[in-house]
Amino acid sequence: MPRLSAVSILTLGLVVAAGIAPTSAAPGASIGKSVGGSYVALGDSFTAGQGASPTLDGVCFRSPTESYPAILANSSSYRDRTVNVACSAASTTLVPGQIASLGTGVAANASLVTITVGGIDAGVAAIVAACGQDSQSLACQAAFGTALQNLPNVTQSLVGTYTAVAAAFPKAQIYVLTYPRLFDPMFPDPVTAATVNGATDALNGAIGQAVSLTGNPRVSLINVTDRFAAHGIGSADPWIAYGPPVESFHPNAAGNAAYAAAVREVATIRGR
């Protein structure tokens with residue numbers, strides 16, 4: 001996979017996502033009934049399940065069967081009590097709309113919430129515009145540098161988001177999930193791999209700091225970095241989709257299963 005090919009696919013995948021960012025919350029995708037004591041999934045494409053076909057629609061790219069919320073629900077007591085309102089390209093500013101889209105009483109009585117968000121806030125669109133043709137250009141390096149400099153602002157946005165989620169779901173345990181490193185060290189273009197993975201680590205650091213600053217014992221961090229080790233793009237067993245533009249650079253079905261396992265490992269979830 002030559003460097004230009006890798007970056008071009010990355011550009012296509014992210015442009016698809018960034019170009020369809022909803023101006024308001026898209027309707028939620030329910031799995032079974034959304035009733036009291038439910039599980040609610042919030043955030044962006046990593047919770048929507050964009051990398052794991054089939055997806056439910058062409059706007060939010062939710063996967064009704066292979067997203068990690070669906071996998072988690074299907075093997076637990078939440079099977080008929082789950083609603084996924086995550087949407088591709090969602091930033092922290094769109095999370096309140098996702099919460100507002102829930103049915104009456106769902107947020108008040110939910111017992112489990114998971115969320116991935118922050119990638120869009122960190123400046124994905126600017127990176128795509130600068131790096132689309134050459135991931136080693138000065139413009140691309142500058143875009144990554146600007147994104148890193150903006151991370152303190154992203155941290156503050158995340159603190160506000162997690163605080164608002166905790167207030168909206170007063171009975172729920174809330175789990176904030178990080179992003180996996182996309183590339184394996186053996187990827188043919190090690191410069192691109194190291195740059196993207198380093199930026200992901202920095203974003204995950206901001207996410208972890210925001211969880212800590214939120215200071216709410218009901219808001220916990222789940223770091224998936226180690227779980228995805230040896231399963232990035234370029235590995236023998238990749239858990240990140242690479243190829244179809246809409247799915248690329250998102251966890252595939254195996255990656256979503258890993259996310260579900262990470263939540264199950266720490267959350268109090270009854271089997272069925």
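Please treat every number below as a calculation from the coordinates, not as lab data. All figures in this text were calculated on a predicted structure; none of them were measured in a lab. Positions of Cβ are generated from backbone atoms using ideal geometry, with glycine treated the same way; all protein chains shown enter the neighbour counts.
Taking the stretch 147-272 on its own, what percent of its Cα-Cα pair distances exceed 25 Å? Show your work: numbers first, answer last.
Values: 2576 of 7875 pairs.
Cα-Cα pairs of the stretch 147-272 separated by over 25 Å account for 33 percent.
For a quick protection proxy, order the peptides 122-129, 77-84 by their average other-Cβ count within 10 Å, most packed first. Walk me through the intermediate numbers first.
On the way: 122-129: 19.8, 77-84: 21.5.
In decreasing order of mean packing, 122-129, 77-84 become 77-84, 122-129.
Write down the Kirkwood hydrodynamic radius of the stretch 3-266, to one decimal in angstroms, obtained as one divided by the mean of 1/r over all alpha carbon pairs.
Working: mean 1/r = 0.0553 Å⁻¹.
This gives a value of 18.1 Å.
Need one number: nm distance between label points at Asp57 and Ala100, each 7 Å from Cα along Cα→Cβ, rounded to one decimal.
Taking the simple label geometry, Asp57 and Ala100 are separated by 1.6 nm.
Using the eigenvalues of the Cα gyration tensor, what equivalent ellipsoid semi-axes result for the stretch 175-227 when each is taken as the square root of five times the eigenvalue, whole Å, largest first?
27, 10, 5
When the scattering of the stretch 145-193 is computed by the Debye formula from its Cα atoms alone, each counted once and equally, what is log10 I(q)/I(0) at q = 0.15, 0.16, 0.26 Å⁻¹?
-0.65, -0.70, -0.99
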